[in-house]
Amino acid sequence: MFLVVACASLVTAWLAYVGVQDATRLKFEASADDALNRIESTVDLNLSLLTSTRAFLRLRGADMSRVQFKQFFDALNVDQNFKGLRGIGYLRMIRTGNEEDAQRDIVKAQGMERRVFPATDQDWRAPIILFEPLDPENAAGIGYDMFSEPIRRAAIESALRTGQPVASGRLLLGQATGDERTYPGFIVFAPLADAPVHREGAEPPPEPIGLLFVAFRVEDLFNAALGRAPLLPVNVEIYDGAIDPEKLLFRSEGKPDEVLGNVITVTRQAKVAGRTWYLQFRPTSAFTAPTSSATPILIGIGGLLLAAAVALVVRLQNQAAETEAALRMTSEKALLERELILQEMKHRIKNSIARVLAIARQTGTSSKSIEEFTASFSARLQAMAASQDMLTRSQWQKADLGSLLRTELEQVFGQNIDRVRLSGPPVELNEHTTQALGLTFHELATNALKYGEAGSENGALSVEWAITRANGKPNLVLKWMESGQSAVPEPSRTGFGTRLIDMNITRELQGTIAREFGGNGLMIDIELPLQE
């Protein structure tokens, strides 16, 4: 239930998020299109000067004076109506070597002598004859050969081929004439003739060719377009010909928003006098989304809370049903466990009685008197009881080998147990192994006390054990070492205790036992498999 409701809520939140993003993008695209329209309308308005000035020059002819051209320019009121325009000019195409003709035109139009510059290796030259406004900075450009500079030359050739206005690439206006102040900009050239008047490789026409040009400062032009109220929350980058940092024409002052500016980018194209501009728009911090971005988050959180509430209700119902089922199963399990415990107690009691009877029978056979039988039988029962006590404390699960050894040796040696050395890692024994080894350790300790010197001041007993592995299964390896000052003779007959030890190790535990009687003691090696 939680997953179903949560998934439905998250899908709804995601759809709301997508809707918010789409609405935000659509709103910003509208702002970007508005900015593009402003830029295009401003550029078109400024380029309209070409049409009017072109008609004026064609009407007045090529012999126009600077005074007449200035009167026309002043009537345009450029500062108010055409912001971003640096000026309007007229240039003549002449063959290289005919520079004197252009210099006479400059004297006639400007009333000043000016040489055509700079030097060039081109076949054609295009010196500026007229330019307005003719302030001291612009006056330095009279006579400048625009055909000598590659970017201007490419635009002039294209205009002459097509007979249409053609814009240049990005230029630094004023740089060619040595002006101390330069401005990023571009120039639009338009031939005075309507039809193509020059083709590459063709002979020049008999009459001089005239071209009109307008120069724009990009900062002033685009700021004038984007600075009209209301201000648009857009950051714009304009590239000439391709989106390439080296071809950046203009970048607005408003920085992109730190978040939306990296997510939303709108790219548009604009055709300006035969050139393609690429415009990239990004939202600024003044841009506001039409819908709060917190709406999808609130929907998602609300849905998750609803899913959690539904899941909690269902969970409580399930817990109630599970509790009822658990109580029923607990009652049934308790009855079953009680029955199993009773059966286990019966089985253990029968096994214990059978073991006690066997010990009593064998002890009676080997005893010479009632007193000897009583002492031996009591000691063996106490060994069994000690093993049973250890198993009882562990709820009949496991018993520690070291603890079992110490318990059985204490019953035999009493306070002399401190003279016995025990060494080995912790080993857990199951019920069957515990009972069998308990009797075995009791018999070994009894024999050591009875026939050896263990427990005396001269004697010593040490027991060491370790765990080895054979075929990936654990084995218990135990060494029982009795030492003293006299030899331990090998017995001439096998008593009940020895037979009990051997039966416990070989039959009960499926192990092996080996005895070595030496000149100063006895060594017994026991090895048996352990259950993991």
note = Of those in the range 390-431 that are acidic (Asp, Glu) and open to solvent by 50 Å² or more (accessible area, probe 1.4 Å), the residue modelled with the lowest pLDDT is ASP418
key: Scan of the range 53-71 for residues that are of a type outside the set (A, V, I, L, M) and without any contact (Cβ under 8 Å) to a residue 24 or more places away in the chain, ordered by number   = PHE56, ARG60, GLY61, GLN68, GLN71
key: Candidate set from the range 152-179 (those that are open to solvent by 50 Å² or more (accessible area, probe 1.4 Å) and closer than 16 Å to ARG217 by Cβ); member that is modelled with the highest pLDDT   = ARG170
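Quick test for you: out of ALA32, ALA13, ALA23, pick the one residue that is hydrophobic (A, V, I, L, M, F, W, C), out of contact with any Ser or Thr (no Cβ under 7 Å at 6 or more places or on another chain), at pLDDT below 90 and assigned to a helix (DSSP H, G or I).
None of the others qualify; the one that does is ALA13.
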ALA445, sole failed condition from (1) among the hydrophobic types (A, V, I, L, M, F, W, C); (2) crowded, with 20+ Cβ neighbours inside 10 Å; (3) in contact (Cβ under 8 Å) with a residue 60 or more places away in the chain = (3)
request  = Find all pairs meeting these conditions: Cβ atoms under 8 angstrom apart; at least six residues apart or on different chains; first residue within the range 256-268 and at pLDDT 85 or above; second residue of a type in the set (Val, Ile, Thr) and open to solvent by 50 Å² or more (accessible area, probe 1.4 Å).
outcome  = THR267/ILE243
key: Subset of the range 180-194 that is out of contact with any Gly (no Cβ under 8 Å at 6 or more places or on another chain) and more than 20 Å from GLU219 (Cβ to Cβ) - its residue that is surrounded by the fewest Cβ atoms within 10 Å (Cβ to Cβ)   = ALA190
Failed item, numbered, when ARG92 is tested on (1) under 20 Å from LEU212 (Cβ atoms); (2) assigned to a helix (DSSP H, G or I); (3) modelled with pLDDT of 90 or more = (2)
request  = Working only within the range 50-96, note down all residues that are polar (S, T, N, Q) and surrounded by 17 or more Cβ atoms within 10 Å (Cβ to Cβ).
outcome  = THR53
note = Of (1) loosely packed, with under 12 Cβ neighbours inside 10 Å; (2) hydrophobic (A, V, I, L, M, F, W, C); (3) touching a His at 6+ places or on another chain (Cβ under 9 Å), ALA514 satisfies every one except (3)
request  = Tally the residues that are open to solvent by 40 Å² or more (accessible area, probe 1.4 Å) and closer than 22 Å to PHE189 by Cβ, restricting the search to the range 245-268.
outcome  = 1
ask   = What is the one condition in (1) in a helix (DSSP H, G or I); (2) touching a residue at least 60 places away in the same chain (Cβ under 8 Å); (3) open to solvent by less than 70 Å² (accessible area, probe 1.4 Å) that VAL107 does not satisfy?
value = (2)
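The values are calculated or read from the model by the stated rules, or taken from the named source; none is laboratory data. Quantities reported herein were computed from a predicted structural model and do not represent experimental measurements. With ideal geometry, Cβ positions are generated from the backbone for all residues, glycine too; neighbour counts draw on all protein chains shown. The area values use the complete protein model at the heavy-atom level, side chains included, leaving out ligands, DNA and RNA. Shrake-Rupley method; radii C 1.70, N 1.55, O 1.52, S 1.80 Å.
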